[in-house]
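Colleague: Quick one: this structure, given as structure tokens, is what I'll be asking you about.
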Amino acid sequence: MVDIDKYFKPDLKKARKRSQTEAEILSFEMDDRAKKLGIGKKYKIQTYGCQGNEADSETMAGILENMGYVATQDELEADVILLNTCAIRENAENRIWGELGRLKPLKRRNPDLLLGLCGCMAQEEKVVNRILEKYDQVDLVFGTHNLHKLQEYILFAYFNKERVIEVYSEEGNIVENLPKSRFNGYKAFVNIMFGCDEFCTYCIVPYTRGKERSRAKEDIIKEVTDLYNEGYQEVTLLGQNVNAYGKDRNNGEYTLGDLLVELDKVGIPRIRFTTSHPHDLDQKTIDAFKNCKSVMPHLHLPVQSGSNSVLKKMNRHYTKEMYLEVINRLKIAVPDIALTTDIIVGFPTESNEDFLETLDLVKQVDFEGAYTFIFSKRAGTPAAKFEDNIPEEEKKNRLQALNKVVNEGYARASKKYADKVVKVLVDGTSKADDNTLAGYSEHNKLVNFKGDKSLIGKIVDVKITETRTWFLIGEACE
Ligand code: SAH
Ligand code: SF4
Ligand code: F3S
């Protein structure tokens, strides 16, 4: 009845394949038979990993709501629970195995409960094999390329009372007209491209997300225009390597910089984009920071390491000097730009001298923040076969030393905003105190201030009165 192959398992080797053909653009259609299946039922989605996964969860929520399901945060009353997983590091995966074990008793309470695993972990054959062997509580396994078929999987599982495992290991296509149930009413994620062709040697993403493929600019502009008309104040353009946007379409002439110029005309107050790769960041994009009012003065530009020999082994396609040159051009265009980054320590063969190069780079750039990680071996990636010659203790020491320098950067950055008036898009109330509002400044700094809840969703001028390492405190300007 439903066109699925219920035991279609992933294959990381196949997922490596890249061809020159342009990705096909498909249009989502809701299966009529699934439309009423969720009436009177509830769903819960647990999202792990990056903003790409957040955006996928919003799509799955949209599909489920079109079927009649209603969202719940209470797992005890959920009829469908989906774990949208991340495979980037081993500890991300370990959390999921623990969670599957914890959720198992719920199946005994409610035999009709459907428990699903999707996202990047589903793209790994070792994960699917382990589920088949040991986790019979899991009813649905589907990957990043086929979440638009969620309604078919639920239909199949309900009527056939069988588990469904369907994961494609393909280059990927693009599905438009997907329903979305957005989790935030003022800030939205907008995918501009999917996949990654960089193949950094440590990284699983090119295998779990397929090849780089850009959405048509018309579809993106329409989505952002619709969001603006609905009252959204901010969009974050998403892709694993947004600087490669457009390279796979129309001879690659229309790139991220061009898209930013056109989106700036839509009128939405704030545009951000993530994640950028240093070697693809072109002058058109740098100029957009300067010339487009809505492009916010913050860039997350992962560097990974400051050592040229490590960068080479990581297959990053740039040197420390090239990275610093890009930073220099950014600072010339926008002198007060806020820069943040990602760094991996303990990559195979990283010597103490290599690590000192990283510390030196962090100091030179003066980052306002960074996500720091210890290298994690991902099966199927080239670096998994590199000799891991650094003792665990040493990796931890390096992470600690790096975090000390990074945290000094956070504190220094906060001090820069003392006594300044910053524009804050108010997200809601602060976690610690219901009378305090919290939101982000244009430079992406968290700001807390006293104010009325009616300001939520608005952009407010706030005078900074106190600075802390991780956030700023201020007063709303009259
Ligand atoms: N596409 C983005 C982010 C990908 S994942 C980019 O290229 O920047 C986010 C971060 O996780 C990466 O920037 C990297 O610092 C880290 N990461 C990826 N694979 C890792 C691994 N195997 N071990 C440790 N950290 C990893
Ligand atoms: Fe992974 Fe590198 Fe692609 Fe980022 S650019 S997703 S780190 S392969
Ligand atoms: Fe994780 Fe997949 Fe994102 S591995 S970081 S959820 S692309």
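Colleague: I'd like to verify a number: residues in the range 248-300 that are assigned to a loop (DSSP other than H, G, I, E, B) and touching a strand residue (DSSP E or B) at 6+ places or on another chain (Cβ under 7 Å), how many?
Modeller: The total comes to 9.
Colleague: Follow-up. If I filter the range 55-71 for residues that are open to solvent by 60 Å² or more (accessible area, probe 1.4 Å), touching a strand residue (DSSP E or B) at 6+ places or on another chain (Cβ under 9 Å), more than 16 Å from ligand 3 (Cβ to nearest atom) and not in a helix (DSSP H, G or I), do I get at least one hit?
Modeller: Scanning the range 55-71, I find at least one residue that is open to solvent by 60 Å² or more (accessible area, probe 1.4 Å), touching a strand residue (DSSP E or B) at 6+ places or on another chain (Cβ under 9 Å), more than 16 Å from ligand 3 (Cβ to nearest atom) and not in a helix (DSSP H, G or I), so the answer is yes.
Colleague: Turning to a different aspect of this structure: Does the range 270-289 contain any residue that is within 20 Å of D366 (Cβ to Cβ) and charged (D, E, K, R)?
Modeller: no
Colleague: On to the next question. Can you pull out every residue in the range 306-333 that is away from ligand 2 (no atom under 12 Å from the Cβ) and either modelled with pLDDT under 95 or buried (at least 19 other Cβ atoms within 10 Å of the Cβ) (or both)?
Modeller: Of everything in the range 306-333, those that are away from ligand 2 (no atom under 12 Å from the Cβ) and either modelled with pLDDT under 95 or buried (at least 19 other Cβ atoms within 10 Å of the Cβ) (or both) turn out to be G306, S307, V310, K313, K320, Y323, V326, I327, L330.
Colleague: Another question, if that's okay. Take the residues of the range 256-272 that are among the β-branched types (V, I, T) and open to solvent by 10 Å² or more (accessible area, probe 1.4 Å): which is farthest from K284 (Cα to Cα)?
Modeller: Restricting to residues being among the β-branched types (V, I, T) and open to solvent by 10 Å² or more (accessible area, probe 1.4 Å), the top hit is V266.
Colleague: Any residue in the range 219-237 that is in contact with an Asp or Glu (Cβ under 7 Å, 6 or more places away or on another chain) and assigned by TED's automatic domain parsing to the domain that holds L281?
Modeller: Yes, that holds for at least one residue.
Colleague: Next up: So which pairs qualify, if the first residue must be in the range 179-207 and basic (K, R), the second must be more than 9 Å from ligand 1 (Cβ to nearest atom), the Cβ gap must be under 6 Å, and the two must be at least 6 apart or on different chains?
Modeller: As it stands, the answer is K180/E58; K180/T59; K180/G62; R182/E58; R182/A188; K187/E234, since those pairs meet every condition given.
Colleague: Collect the residues in the range 94-113 that are in contact with a helix residue (DSSP H, G or I) (Cβ under 7 Å, 6 or more places away or on another chain) and open to solvent by 10 Å² or more (accessible area, probe 1.4 Å), keeping them in residue-number order.
Modeller: Passing the criteria: only L106.
Colleague: Could you please give the count of residues in the range 200-244 that are part of a loop (DSSP other than H, G, I, E, B) and of a type in the set (V, I, T)?
Modeller: Residues that pass the stated criteria total 2.
Colleague: Quick check on this structure: which one of I88, I81 is within 16 Å of ligand 3 (Cβ to nearest atom), crowded, with 18+ Cβ neighbours inside 10 Å and at pLDDT 95 or above?
Modeller: The unique qualifying residue is I88.
Colleague: While we're looking at this one, here's another question. Of all residues being farther than 24 Å from C86 by Cα and of a type in the set (A, V, I, L, M) in the range 24-54, which is least open to solvent (accessible area, probe 1.4 Å)? Just the residue, please.
Modeller: A34
Colleague: Restricting the range 185-214 to residues that are basic (K, R) and either outside the structural domain of H277 (by TED's automatic domain parsing) or open to solvent by 20 Å² or more (accessible area, probe 1.4 Å) (or both), which is farthest from K17 (Cα to Cα)?
Modeller: Among those that are basic (K, R) and either outside the structural domain of H277 (by TED's automatic domain parsing) or open to solvent by 20 Å² or more (accessible area, probe 1.4 Å) (or both), it is K187.
Colleague: Any residue in the range 356-382 that's within 18 Å of I337 (Cα to Cα): show its pairings with residues that are among the basic types (K, R) at Cβ separation under 6 Å, as long as the two are six or more apart or on different chains.
Modeller: Close Cβ pairs satisfying both conditions: L361/K320.
The values are calculated or read from the model by the stated rules, or taken from the named source; none is laboratory data. All values derive from a computational prediction rather than experimental measurement. Cβ coordinates were reconstructed from backbone atoms using ideal geometry, including for glycine residues, and neighbour counts include every protein chain displayed. To get the accessible areas, we keep the full protein, side chains included, count just its heavy atoms, and leave off ligands, DNA and RNA. Shrake-Rupley method; radii C 1.70, N 1.55, O 1.52, S 1.80 Å.
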